[in-house]
Amino acid sequence: MELNEIMHILFFPGIILHETAHALACLIFGVKIKKIKFIDKSGGYVVHEDSKDYKIIIISLFPFLFNIFIAIICASIIEFTKEPFYIFLLVWIGISALFFCVPSDQDTNNSFEAIKRTYYKKQSFWLLLLKVLFLPFFLLLTIILALFKIFDKVIAVRLLLIGFWIYLLVI
């Protein structure tokens, strides 16, 4: 069994939260969900209808913020409980959420394609001018997406996120 498969089994709540975040973003933006699979050998997935590019970018990146938010909530609740079982459960869910907060390759590719389409399609002068003004934001987003693509392959980055979260719990 590969390390990746072991991590998927050990931290499956993070996968469920990741896919739930995609589904939640779809619901918020009114994008129809075609198929959801929360647990699979390779993780999970949400297949949704095609939509506007900005919606696709948000849907693809939403698990990053959502899973970090869940980890923060777990850390906050730990402060109020003394029961070892609940502390263990909250730590496990928090670590799982952080472990799978990084967008997958597919999420990153969807965002890259949406950004490219935004600049390639025919548009009015004013819309083009607006996009030129937002170019630094899209360049920053593209750099972040490239880092996510790298981070998805490097387990050490995920472990650093978890280590930082545990450190915050301790202090």
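Can you name every residue in the stretch 101-126 that is of a type in the set (D, E, K, R) and under 19 Å from Thr20 (Cα atoms)? If you could, list the steps in order and put the result at the bottom.
Just the residues of the stretch 101-126 that are of a type in the set (D, E, K, R), to begin with: 105, 107, 113, 116-117, 121-122.
Within the stretch 101-126, Asp105, Asp107 qualify.
Would you confirm, using the coordinates I've provided, whether Phe66 is among the hydrophobic types (A, V, I, L, M, F, W, C), surrounded by fewer than 20 Cβ atoms within 10 Å (Cβ to Cβ) and out of contact with any helix residue (DSSP H, G or I) (no Cβ under 6 Å at 6 or more places or on another chain)? When the stated conditions are applied, Phe66 does not pass them. All conditions but one from (1) surrounded by fewer than 12 Cβ atoms within 10 Å (Cβ to Cβ); (2) modelled with pLDDT of 80 or more apply to Phe125; the one that does not is (2).
Condition check: touching a residue at least 40 places away in the same chain (Cβ under 8 Å), touching a strand residue (DSSP E or B) at 6+ places or on another chain (Cβ under 6 Å) and crowded, with 18+ Cβ neighbours inside 10 Å. Does Ile57 satisfy that?
Details: touching a residue at least 40 places away in the same chain (Cβ under 8 Å): yes; touching a strand residue (DSSP E or B) at 6+ places or on another chain (Cβ under 6 Å): no; crowded, with 18+ Cβ neighbours inside 10 Å: yes.
Answer is no for this residue.
What residue, among those in the stretch 7-16 that are closer than 11 Å to Gly43 by Cα and among the aliphatic types (A, V, I, L, M), is farthest from the chain's Cα centre (by Cα)? Before you say what the answer is, go through the steps one by one.
Of all residues in the stretch 7-16, those closer than 11 Å to Gly43 by Cα come to 7-9, 11-16.
In the following step, the residues that additionally are among the aliphatic types (A, V, I, L, M) were identified as 7, 9, 15-16.
Numbers: Met7: 16, Ile9: 18, Ile15: 10, Ile16: 11 Å.
The residue in question is Ile9.
Among the residues of the stretch 70-87 satisfying the criterion of being over 11 Å from Leu98 (Cβ atoms) and surrounded by 10 or more Cβ atoms within 10 Å (Cβ to Cβ), which is nearest to the chain's Cα centre (by Cα)?
Narrowing the stretch 70-87 to residues over 11 Å from Leu98 (Cβ atoms): 73, 76-87.
Cutting the leftovers down to surrounded by 10 or more Cβ atoms within 10 Å (Cβ to Cβ) gives us 73, 76-78, 81, 86-87.
Values: Ile73: 16, Ser76: 21, Ile77: 22, Ile78: 23, Thr81: 28, Tyr86: 25, Ile87: 24 Å.
Filtering the stretch 70-87 for residues that are over 11 Å from Leu98 (Cβ atoms) and surrounded by 10 or more Cβ atoms within 10 Å (Cβ to Cβ), the one nearest to the chain's Cα centre (by Cα) comes out as Ile73.
For Lys149, state whether it is farther than 24 Å from Ala75 by Cα and either among the β-branched types (Val, Ile, Thr) or at pLDDT 70 or above (or both).
yes
Go through the stretch 17-37 and give me each residue that's buried (at least 17 other Cβ atoms within 10 Å of the Cβ) and of a type in the set (A, V, I, L, M, F, W, C). Passing the criteria: Leu17, Ala21, Ala23, Ala25, Cys26, Val31.
Table: residues versus (1) of a type in the set (A, V, I, L, M); (2) over 18 Å from the mean Cα position of the chain (by Cα); (3) under 15 Å from Asn110 (Cβ atoms).
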position	(1), (2), (3)
Glu2	no, yes, no
His18	no, no, yes
Lys37	no, no, no
Asp53	no, no, yes
Phe64	no, no, yes
Leu90	yes, yes, no
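The values are calculated or read from the model by the stated rules, or taken from the named source; none is laboratory data. Quick caveat: nothing in here was measured; it's all calculated off a predicted structure. Glycine gets a Cβ as well: all are built from the backbone with ideal geometry, and neighbour counts include every protein chain shown.
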